[in-house]
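Worksheet for the structure shown next.
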Amino acid sequence: MQTQNVTLSIPKSILLKAKRLALERGTSLSGLLTQTLQEIVESEDAYERARTRHGAILDHPVKLGTEGKATWTREELHER
C-alpha cells in the first residue's frame with residue numbers, strides 16, 4: 001500500500017491522549033490514525049452500498065397480489 005505524509009493540527013491535550021492510547025494498543029500514532037480512518041471509510045462504504053441496495057428494492061417493489069387495494073376491513077384485522 002502506498003502511503004503519503006500529511007500534516008495535522010491537533011490540540012495538544014488530544015494528541016497526548018492519542019499517543020498514550022496508541023502505546024497501550026501497541027501501535028504508533030500513525031497506525032492508530034490509519035486504523036481509525038480505515039474504520040470510518042469502511043463504515044461509510046457499507047452504508048452507501050446498503051442505501052443503494054435498498055433504493056433498488058424501493059424502485060422495484062414486491063407484488064403482493066392485492067393490486068394496491070386492501071381486501072379487508074379494519075374490523076376484520078382487529079377481531080378478538
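The values are calculated or read from the model by the stated rules, or taken from the named source; none is laboratory data. Predicted model only: the values in this text are computed from it and were never measured. When we count neighbours, we look across all protein chains shown, and the Cβ atoms used for this are built from the backbone with ideal geometry, even at glycine. Accessible surface is based on the protein model in full, side chains and every heavy atom, while ligands, DNA and RNA are left aside. Shrake-Rupley method; radii C 1.70, N 1.55, O 1.52, S 1.80 Å.
Test L37 against the stated conditions and say whether it is of a type outside the set (K, R) and surrounded by fewer than 10 Cβ atoms within 10 Å (Cβ to Cβ). Spell out how you get there, then give the answer.
Values: of a type outside the set (K, R): yes; surrounded by fewer than 10 Cβ atoms within 10 Å (Cβ to Cβ): no.
So L37 does not fit the description; no.
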### Query
For the range 25-63, what are the residues that are within 23 Å of V6 (Cα to Cα) and at pLDDT below 95?
none
### Task
All but one of (1) surrounded by 10 or more Cβ atoms within 10 Å (Cβ to Cβ); (2) in a loop (DSSP other than H, G, I, E, B); (3) not hydrophobic (A, V, I, L, M, F, W, C) hold for N5, so report the exception by its number.
(1)
#### Entry: Residue within the range 58-71 that is part of a helix (DSSP H, G or I), among the aliphatic types (A, V, I, L, M), free of Cβ contacts under 8 Å to residues at least 12 places away in the same chain and open to solvent by less than 80 Å² (accessible area, probe 1.4 Å) present
no
